[in-house]
1. Please go through (1) part of a loop (DSSP other than H, G, I, E, B); (2) modelled with pLDDT of 95 or more; (3) among the aliphatic types (A, V, I, L, M) for A58 and return the number of the only condition it doesn't satisfy.
2. For segment 193-289, which fully contained helices (runs of 4 or more DSSP H) count at least 3 residues that are touching a helix residue (DSSP H, G or I) at 6+ places or on another chain (Cβ under 6 Å) and under 21 Å from Y64 (Cα atoms)?
3. Report, by residue number, each residue of segment 141-161 that is surrounded by fewer than 21 Cβ atoms within 10 Å (Cβ to Cβ) and more than 30 Å from T87 (Cα to Cα).
4. Within segment 321-333, can you find the residues that are of a type in the set (V, I, T) and without any contact (Cβ under 8 Å) to a residue 40 or more places away in the chain?
5. State all residues of segment 183-213 that are in contact with a Leu (Cβ under 8 Å, 6 or more places away or on another chain) and surrounded by fewer than 24 Cβ atoms within 10 Å (Cβ to Cβ); if no residue qualifies, say none.
6. What number of residues within segment 145-160 are at pLDDT 90 or above and over 27 Å from K272 (Cα atoms)?
Amino acid sequence: MASAGASAKPAASAAAASGSAASAKPAASVPAPNSSGLEAISEGVLPPDAFQWDHYVAEQQGLYAKNGLAVTSTQLGTPATAAQAVTAGSVNIAAASGDAFIQAIENGAAISIVGQDIGDPAFTVITQPSITSWDQMKGATVAVSTATDGAANIFRLMAKAKGLEAQKDYSFVPVGTTPARYAALKAGQVKAAIMTEALAIQAQNDGFKALSRSDEVLPKYTFIVLAVNKAWGQGHKDAVTKYLTSLSQAVDWLYDPANKQAAINLLKDKAKISDEVAAKTYQVYVEQGQGRILTKGAKIDPEGLKNSADILQSLGMIKTVAVDQWIDQSYGNAVK
C-alpha cells in the first residue's frame, strides 16, 4: 500500500480528536482521477498490523483498481488521531477502533461509521517474564494507546474478570499502538502490554509471557471500523461503496485456502514479522476466526458495536448508546 509520507500528529485523546470537529471543514472532494482513469481517494490506517490485512490484500491483488479506485494511505499514530484526521478531512476514510469514532461523534464530530474490518480484536495480555499470573499484576504498569481507547477498555474487562480494578490495582501508560507497546515492554518501561496477535506471538517467542486472550471475556464485539466525514461521504457514496467492496473481496480472498501462503507472505512483509509468526496469525485470524475476527462483507455489526459502546458507557466515557445515530449502513448495504 502506498505511503502518503509523514504521519499525522497524534491527538491527546478521543475527546481532543473531536474538539475542533464541529468546526473542521471536510475535504471538498476527492482528488481528480489519475492518468489511468481511476478515482483517487485517501485512507488513514494505524501502524502495520494484521488489523490492516484486508487493506494490504486489496492493494496487492489490484482490488481497488478493479473497482475503479486509486487509494493512497497515510499512517496515523493512534485511533484518536484517526478520528481527528477523518473529521478534519485530511483523509477521506479512516480505519481505527470504534471507540475513538464514537467518542468523537458524541463530542460533536460530523462523521459516520460506514463499515467494519475487525470484530473480536484477539488481544493478548503480554507480561514481563517474571509475571506469570494475574495476582502478580497488582501494582503493574500496562502499555496502551491511551487510557480511554478500545485496547485499554478491553484490558479493564479482562482484569476485572480476574478481580483487578483500574487505578487501584494497576495503571496505564499511554504509548501508542501494539508496535509501540511492545517496544515499551522490551525496554522495561512497563510490566505488561495488551497486544494484537502477530506481535503477541512474536513476544512469546522472545520470552515474554501471555496471561489471557480477549475472547475469554468479550461478547459479540465490533472493534476496527471505517468512518468518513458525513459531508464528504454523502458527496462520494459510489467511491465509499467501491472501497468497502474492495475490502470485502479482500477478506474473501483471505478465506480462500488456495491463498494461504500468499496471505502469510504478505502479512510477513507488511508487518515485518517472521514466517512462523505470520503463519500462526493466519491460523488465529482465518482458520480459527471463522468470520469472528476478519469481517466478511465489510458491513457493520450493530449488535457488536453496541456491546463495545456499552463498555464506554459503563466507564462514563459516553452518556448514551445511540448506535443508529453513529452508523450509516447505506454504504455497506450497497457492497457487491
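1. Result: A58 passes all but (1).
2. On the way: elements: 197-205, 230-235, 237-255, 260-271, 275-282.
Where helices (runs of 4 or more DSSP H) fall fully within segment 193-289 and carry at least 3 residues being touching a helix residue (DSSP H, G or I) at 6+ places or on another chain (Cβ under 6 Å) and under 21 Å from Y64 (Cα atoms), they are 237-255, 260-271.
3. T141, K160, A161
4. Our first condition is that a residue be of a type in the set (V, I, T); within segment 321-333, this holds for 321, 323, 327.
Those that are of a type in the set (V, I, T) and without any contact (Cβ under 8 Å) to a residue 40 or more places away in the chain: V321, V323.
5. A203, F208
6. 4
For every residue, the table says whether it meets (1) more than 20 Å from Q249 (Cα to Cα); (2) crowded, with 24+ Cβ neighbours inside 10 Å.
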position: L38; (1), (2): no, no
position: A50; (1), (2): no, yes
position: G62; (1), (2): no, no
position: G68; (1), (2): no, no
position: A83; (1), (2): yes, yes
position: A95; (1), (2): no, yes
position: Q103; (1), (2): yes, yes
position: N107; (1), (2): yes, no
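The values are calculated or read from the model by the stated rules, or taken from the named source; none is laboratory data. Worth saying up front: this structure is predicted, and the values here are computed from it rather than measured. Please note: Cβ atoms are built from the backbone with ideal geometry, for glycine as well, and neighbour counts cover all protein chains shown.
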